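Readers should treat all values here as calculations from the given coordinates under stated rules, not as data from a laboratory. Every value quoted in this text rests on a predicted model; they were computed, and no experiment measured them. For neighbour counting, all protein chains shown are included, and Cβ atoms are generated from backbone atoms with ideal geometry for every residue, glycine included.
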């Protein structure tokens, strides 16, 4: 095989590997979100009875993707990797073709919450990957052998991926790609701000068959329309829900209580799956909420239930039950999953801004709660977000350093 042809094949394999690795790691960073996407696939293909396995299946596929990406980049186990990659991409291509034709209201989830593609873009991406794989793998008998030191790089990254999977399964993702990311402000805290300046947009008026139509620069009509004039208009609403997420809260009477989350020190414990918590975990949450209240926070227990369906085990002590009852409110489970990726996780709000999050397994101690009240909220948020971004980019930099240079 000519050296130039060999380099072309390895280059194509590396490109496919980078896509697989990045896509897999982004989903591993957020196993709950990946599980929600797989659950949507199950519903679309009328296999909703598999919903219980959505998260494990999502994590397993994401781990397989990232491992294949690492193997392709390092050139490890080339024939086995080629066959698995081909089969997986072929299946993805067929699935995304069906989604493109049916056009359901769902996201493909190829890159987790970080990058959103249309169904056509997803299908086109998979077709391009298949073409690159054909160049990289045909003929299979001439793929060459892997180098032992490159296999060592692959296994080092494989161990790191397993460690990442265990961490993100148990704790909060280091970087949040949902609308409820650190430093985001709740819609309730900004909807009445008078100092918001109106947004001015340019529009273009065109005429066709005696009727005028207004278009934006990104959505101009075809050549059958005749340009008439340009205008500037003030948008009726400058607040975008994507920029200011809505946290809808209701009390036992069904009245909206969204304003409860926009006080100075608010500690909201979200429970998207209350039926999955046993008596010990409910007691743990009651203790935490009590400690938060004593430290100076307004404690909120946000559950994805209704007053009629919420069932707290009888084994929970009356004192703990009283704490839970005093701060229980109700919301949608998808909203609570976006707010905090843990069932029983805590979220700290200050003046409507999201400051920090914790998983149920890592709730702040009584001393930490006291420090949070005493410390400047902006500094707390900056520290938490910086740590998360450093972890996120640090893992990618470490991985690509090992895969390409070790």
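Summed over qualifying helices (DSSP H, 4 residues or more, each -39500 (n - 2.57)) and divided by its residue number, the chain shows a 222 nm mean residue ellipticity of -16500 deg cm²/dmol.
Each part reduced to its alpha carbon centroid, the range 170-190 and the range 69-102 end up 33 Å apart. Rounded to the nearest 0.05, the FRET efficiency derived from the C-beta distance between residue 2 and residue 253 at R0 = 60 Å is 0.20. Using a Gaussian network model of the chain in which every pair of alpha carbons under 10 angstrom is joined by a spring, one finds that among 15, 80, 161 the greatest mean-square fluctuation is at 80.
Of the peptides 25-33, 147-155, the ranking by mean beta-carbon count within 10 Å, highest at the top, reads 25-33, 147-155. With an a/c value of 1.5 or above and a/b not larger than b/c for the gyration tensor axes a ≥ b ≥ c computed over the alpha-carbon atoms, the range 271-337 is described as oblate.
With each label modelled as a point 7 angstrom along the Cα→C-beta vector, the residue 45-residue 374 pair spans 5.5 nm. Each label was represented as a point 7 Å from its Cα along the Cα-to-Cβ direction; for residue 398 and residue 321 these points are 4.7 nm apart.
Order the peptides 49-59, 270-280 from the highest to the lowest mean number of other Cβ atoms within 10 Å of their residues. Present the calculation step by step, with values, prior to reporting the outcome.
Details: 49-59: 15.8, 270-280: 17.5.
Peptide ranking by packing, descending: 270-280, 49-59.
Under the classification rounded if a/c is under 1.5, otherwise prolate if a/b is larger than b/c and oblate if not, where does the chain fall, given a ≥ b ≥ c as square roots of the Cα gyration tensor eigenvalues? Cα axes put the chain in the oblate bin.
Which of rounded, prolate or oblate describes the range 337-406 when judged by the alpha-carbon gyration tensor and an a/c cut-off of 1.5? Display every interim value, and only then the final one.
On the way: a/c = 2.49, a/b = 1.96, b/c = 1.27.
It is prolate, given that a/c is not under 1.5 and a/b is the larger ratio.
Would you mind getting the Kirkwood hydrodynamic radius of the range 3-170 from its Cα pairs, rounded to one decimal in Å? It would help to have the intermediate numbers written out before the result.
Working: mean 1/r = 0.0607 Å⁻¹.
Computed over Cα pairs of the range 3-170, the Kirkwood hydrodynamic radius comes out at 16.5 Å.
Residue separation of residue 281 and residue 207 scaled by 0.36 nm, minus their Cα-Cα distance, works out to 20.2 nm of gained length.
Mean shadow of the range 258-387, computed from the convex hull of its alpha carbons, in nm²?
Working: hull surface 29.7 nm².
If I average the Cα hull's projected area over directions, I get 7.4 nm².
Placing pseudo-labels 7 Å out from each Cα toward the beta carbon at residue 138 and residue 183 gives an inter-label distance of 4.8 nm. Most fluctuating residue of 16, 266, 162 in a GNM of the chain with Cα springs under 10 Å: which is it? Among 16, 266, 162, the largest GNM mean-square fluctuation belongs to 162.
For residue 152 and residue 264, what is the calculated FRET efficiency with R₀ set at 45 Å and r taken between the beta-carbons, to the nearest 0.05?
0.25
Entry note, the range 309-406: relative contact order of 15 percent, from Cα contacts under 8 Å with a spacing of 6+ residues.
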